[in-house]
Amino acid sequence: TGWKAIDHKLYGGLNRGELTIFAGGSGAGKSLFLQNFAVNWALAGLNVVYISLELSEQLISLRLDSMLSEYSTKEVMRNIDDVDLKVRMKAKGSGKLRIKQMPNGVTCNDIRVFLREYEIQISEKVDCLLVDYLDLMSPINNKVSPSDMYIKDKYVSEELRNLSIERNLLHVTASQLNRGAVEEIEFDHSHIAGGLSKIQTADNVIGIFTSNAMRERGRYQIQFMKTRSSAGVGSKVDLKFNPDTLRIMD
C-alpha cells in the first residue's frame with residue numbers, strides 16, 4: 001500500500017479483488033487518503049484510475065503535483081516549470097495515473113465502460129481503482145430508490161466489489177461518517193452513514209480520526225473497523241501528515 005503500518009494490520013495488506021472503504025466525517029481527509037494511495041501505487045509502477053464524483057480534476061491534479069514535487073499547493077503555480085520537471089522525472093518507471101471527474105449519480109457500469117475505453121487507449125491493464133466516493137454513486141438497478149440509503153449503498157458496494165473481482169483490481173473508496181461520529185474517539189458500525197450494508201460487503205473498513213489541531217501537528221490516526229482477513233479490528237495506527245505537501249506517511 002505504501003504504508004507498512006496498514007500492511008502490518010492487514011494480512012497481506014490490501015489485495016486485488018477486495019473493496020476497502022476509508023470512512024471519515026466531512027473534511028476529515030477521505031480524498032487525501034485516496035490521493036496518497038494513487039501516488040503511492042503509481043510510483044510503485046501500477047496503472048491507476050482515480051474517479052472523482054466531487055472534486056474537480058484541476059484540484060486533484062494540483063494536490064498530486066504538490067505530493068510529487070514537494071512544493072506546497074500554494075507554491076506549485078509559482079514554480080510550475082520546476083514542478084513539471086520533477087513530476088516528469090518521477091513519472092519515469094512509474095505507472096500511469098489518470099484522473100477522471102464523473103457526474104454525481106454514476107453507476108458501476110459507467111465506471112466499467114470508462115475503464116474498458118481507457119485500457120484500449122493506453123494498450124495496458126488498469127491495476128488500481130479509487131472512487132471518491134461511494135455514497136455519491138447510484139445502483140445499476142434504477143428501481144432502487146436513491147432516498148433509501150441502506151439499500152442504495154448495499155447495491156453500490158456489492159457492485160463495486162464485483163467490479164474489483166471481475167477486473168482483479170486494487171480498489172479503495174470512501175464513505176461518510178454520520179454526525180454522531182464527529183466527537184467520538186472510538187468508531188463503530190453505527191457511525192457509518194447509511195448503516196451496516198456497506199460494512200457487510202466491504203473487506204476492510206478504516207475510520208479516519210483527525211482534527212485541525214492534529215493536522216497542524218502533522219498527525220493522522222486511523223482505526224480498523226472491519227478487516228475480513230486479519231485480527232486487526234479495533235486497533236489504531238498513527239500516521240504522519242505533511243500539511244504543505246499533503247503526504248501521509250508512516
Query raised in the report: When only Cα pairs under 8 Å and 6 or more residues apart are kept, what is the percent relative contact order across the chain?
Result: 29 percent
Query raised in the report: Can you give the net charge of the other residues whose Cβ lies under 14 Å from the Cβ of S145, counting K and R as +1 and D and E as -1?
Result: +1
Query - Among Q223, Q101, Q58, residue whose mean-square fluctuation peaks in a GNM of the chain (springs only between Cα atoms under 10 Å) - result: Q58
Requested in this report: Restricting things to alpha carbons, find the Rg to Rh ratio for the chain using the Kirkwood radius for Rh.
Outcome: 0.95
Query raised in the report: Add -39500 (n - 2.57) for each DSSP H run of 4 or more in the chain, then divide by its residues: what number comes out at 222 nm, to the nearest 500 deg cm²/dmol?
Result: -11000 deg cm²/dmol
Report summary line: With a ≥ b ≥ c from the Cα gyration tensor eigenvalues, square-rooted, and the rule rounded for a/c under 1.5, otherwise prolate when a/b > b/c and oblate otherwise, the range 68-134 is oblate
Query raised in the report: Which loop GluC sites (Glu not before Pro) in the range 90-146, with loop taken from DSSP, have no more than 16 other Cβ atoms within 10 angstrom of their Cβ?
Result: E124
Report summary line: Taking a straight Cα-to-Cα line shorter than 21 Å from K143, and setting aside same-chain lysines fewer than 8 residues away, one finds K152, K154, K198
Report summary line: With Cα springs under 10 Å, the Gaussian network model of the chain assigns the largest mean-square fluctuation among V172, V113, V48 to V113
Report summary line: Cα convex hull volume per residue for the range 18-139, in Å³, equals 112 Å³
**Report entry** Pairwise label distance in nanometres, E216 with K240, each label 7 Å out on the Cα-Cβ vector
**Finding:** 2.1 nm
Query - Kirkwood hydrodynamic radius (C-alpha pairs) into Stokes-Einstein, the range 99-184, 25 °C and 0.890 mPa s, D in µm²/s - result: 175 µm²/s
Query raised in the report: Simple spin-label model, 7 Å along Cα-to-Cβ: Q200 to Q101 in nm?
Result: 3.6 nm
Query raised in the report: Say we join alpha carbon atoms closer than 10 Å with springs in a Gaussian network model of the chain; which of G232, G93, G218 then has the biggest fluctuation?
Result: G93
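What does DSSP give for the chain in terms of the percent of beta bridges that are antiparallel, rounded to the nearest 5?
Bridges in the chain are about 40 percent antiparallel.
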Report task. Within the set of other residues whose C-beta is less than 13 Å from the C-beta of A174, count the net charge using Lys and Arg as +1 and Asp and Glu as -1. Result -> -2
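Throughout, read-outs are computed from the coordinates displayed, never taken from laboratory work. Treat the numbers as computed from the prediction; the structure is a model and nothing was measured. All Cβ positions, even for glycine, are placed from backbone atoms using ideal geometry, and neighbour counts span all protein chains on display.
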